[in-house]
1. Restricting to the range 17-32, count the residues that are surrounded by fewer than 11 Cβ atoms within 10 Å (Cβ to Cβ) and closer than 18 Å to Ile65 by Cβ.
2. Filter the range 44-54 down to the residues that are touching a Leu at 6+ places or on another chain (Cβ under 9 Å) and closer than 24 Å to Lys77 by Cβ, then identify the one that is surrounded by the most Cβ atoms within 10 Å (Cβ to Cβ).
3. Here is a list of conditions, (1) assigned to a loop (DSSP other than H, G, I, E, B); (2) farther than 21 Å from Leu84 by Cα, and Gln11 meets all of them except one; can you say which number that is?
4. Specify the residue that is modelled with the lowest pLDDT; the eligible residues are those in the range 69-96 that are closer than 21 Å to Val21 by Cα and in a helix (DSSP H, G or I).
Amino acid sequence: MQDAILELVRQAHALTESAAVATSDRTTRKQLVLADLSLHLVQAALRQEQPEPAELKRYLFSILIVCDGFVPDLDLKAMANVVLPMPAEQMTLPVQ
């Protein structure tokens with residue numbers, strides 16, 4: 001079952017990445033980047049028998065950072081830095 005899910009996620013990932021690159025609208029691009037990161041999280045959760053904690057943390061951190069602008073009543077960027085502090089070398093976020 002996991003292989004079937006991962007194949008669908010791979011297809012969705014390709015679509016979201018190409019759509020994010022193609023759009024010039026900043027909000028739409030952020031939505032697509034959020035979707036892309038969410039798909040990466042699914043891949044990280046299912047790709048191995050035991051998910052890699054550092055990889056999960058990196059995607060969760062990135063999702064919170066991108067969501068920051070979509071949830072105005074919470075400071076998700078600050079929460080991400082408190083809950084999931086990342087070493088500087090791991091803080092590679094997608095282009096927004």
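1. 2
2. Ala44
3. Among (1) assigned to a loop (DSSP other than H, G, I, E, B); (2) farther than 21 Å from Leu84 by Cα, the lone unmet condition for Gln11 is (1).
4. Gly69
The values are calculated or read from the model by the stated rules, or taken from the named source; none is laboratory data. Quick caveat, the model's predicted, so the values are computed rather than measured. Ideal geometry is used to build each Cβ from the backbone, glycine not excepted, and the neighbour counts take in all protein chains shown.
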